[in-house]
Amino acid sequence: MFNQILVAVDLSTEKVTKKLCQTANDMAEKYQGEITLMTVIPDYGMPIVASFFPEDAQKKLRLEVQEKLQALAKIHFKVPTSIQLKQGKPRKVILKTIEEQKPDLVMIGCRLKNSENAQAFLGATGTAVSDRASCSVMIVR
């Protein structure tokens with residue numbers, strides 16, 4: 001049923017990411033699926049912004065995030081797992097990846113907001129992906 005699972009993580013939310021990875025591994029084991037673990041790092045947006053950073057800043061960031069993804073995969077996944085590191089706006093990159101790879105299921109985490117109605121609302125990424133994805137989406141809290 002869910003042979004190809006795309007798991008999009010936000011490495012800044014450790015608690016949600018851990019629960020998301022555990023849930024994804026359980027789903028993949030149940031359906032003998034494979035996982036693509038991905039994260040999206042921000043880009044500069046405009047060339048002028050890039051000029052304020054050292055030339056190798058993006059390279060260092062990519063290496064550091066790649067290492068974190070590999071460690072995460074090693075800790076949490078017992079099923080075949082590939083890793084992807086992409087750059088841009090998370091919702092746009094996730095939706096584009098869904099179009100390209102056509103997974104059976106996309107799993108993303110949702111951190112709780114600090115407001116009275118926090119349980120009722122998703123963030124921008126969760127809303128966009130669940131609304132526009134061409135496959136099933138599971139949002140893990």
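The values are calculated or read from the model by the stated rules, or taken from the named source; none is laboratory data. Quantities reported herein were computed from a predicted structural model and do not represent experimental measurements. We place every Cβ from the backbone using ideal geometry, glycine too, and count neighbours over all the protein chains shown.
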Considering only the stretch 51-62, I want to know if a residue exists there that is among the polar types (S, T, N, Q) and in contact with a Gly (Cβ under 9 Å, 6 or more places away or on another chain). no
Which of the following residues is of a type in the set (Gly, Ala, Ser) and loosely packed, with under 12 Cβ neighbours inside 10 Å: Ala24, Ala71? Ala71
Considering only residues that are more than 15 Å from Ile35 (Cβ to Cβ) and touching a helix residue (DSSP H, G or I) at 6+ places or on another chain (Cβ under 6 Å), look in the stretch 95-116 and name the one that is surrounded by the fewest Cβ atoms within 10 Å (Cβ to Cβ). Leu112
Index of the failed condition, Thr125 passing every other in (1) over 20 Å from Glu14 (Cα atoms); (2) among the β-branched types (Val, Ile, Thr); (3) modelled with pLDDT under 95: (1)
Do any helices (runs of 4 or more DSSP H) entirely within the stretch 1-94 hold 2 or more residues that are of a type in the set (Lys, Arg) and modelled with pLDDT of 95 or more, and if so, which? 14-31, 57-76
